[in-house]
Amino acid sequence: MPRGVVEGRRVRDRSGLESCVVNERIMFVQLKTGYDTDAGPSWIASVRFSKSWSTIYFHGRTLARVTGTAHANFDSNFYDVESGERYWVSGPKRNKTDARYGRGKPTVEDDASAAYEAFLGGGSLPGRERG
C-alpha cells in the first residue's frame, strides 16, 4: 500500500508504519513552522485520528499531539513526526475565525467542502452530531 494512503480503516504513513484509523473529522489545520503567528497556510480538511486521538493523518503526514515539554509550544498542538514541523489543529468555527490571531482564510479541501458548507449553515459536522 502506498504511503499516506488510507485503505479501509488502516493507514500507512511516509515512514511505512501502519496504524489503525478510527475517527475521521473535518478540522482546521494550520502550519506554524516558518511563519509569523497565524500567517502560515491553512486548510479545512478531513483528517483521520488514531484510536487514541493522539495521532492525526493529514496530507500523507503523521502528526503527533504535543505532550510534555519535548515539543511544547503555546502556538502548536501537533507536530510532524518526520520533519518536526508544528501545526495547530482544531475544530472549525461557524464564524470563520479559525486562525487564532490572524485573519487568513483556509483552503477548503474538496473532500470537506459539502460538510463544511452544511456546518456553516447550522448543521453538525460528521462525527460531531451530539456535540
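For the reader, a short list of remarks on this structure follows.
- Within the stretch 41-59, considering residues that are of a type in the set (S, T, N, Q) and in contact with a Ser or Thr (Cβ under 9 Å, 6 or more places away or on another chain), the one most open to solvent (accessible area, probe 1.4 Å): S54
- Those residues of the stretch 23-51 which are free of Cβ contacts under 8 Å to residues at least 60 places away in the same chain and over 18 Å from D80 (Cβ atoms), in sequence order: D36, K51
- Restricted to the stretch 1-76, the set of strands (runs of 3 or more DSSP E) holding at least 3 residues that are hydrophobic (A, V, I, L, M, F, W, C) and modelled with pLDDT under 75 comprises 18-31.
- Unique residue being open to solvent by less than 30 Å² (accessible area, probe 1.4 Å), on the phi < 0 side of the Ramachandran plot and more than 12 Å from the chain's Cα centre (by Cα) when the list is D38, D110: D38
- Taking each residue of the stretch 74-91 that is in contact (Cβ under 8 Å) with a residue 24 or more places away in the chain and open to solvent by less than 40 Å² (accessible area, probe 1.4 Å) and looking for partners that are among the β-branched types (V, I, T) and outside any loop (DSSP other than H, G, I, E, B) with beta-carbon atoms closer than 7 Å, six or more apart or interchain, yields Y87/V29; V89/V29; V89/I56.
The values are calculated or read from the model by the stated rules, or taken from the named source; none is laboratory data. Model, not experiment: these values are computed from the prediction. Glycine also receives a Cβ, built like all others from the backbone with ideal geometry; neighbour counts cover every protein chain displayed. Surface accessibility is based on the protein's heavy atoms, side chains included, excluding ligands, DNA and RNA. Shrake-Rupley method; radii C 1.70, N 1.55, O 1.52, S 1.80 Å.
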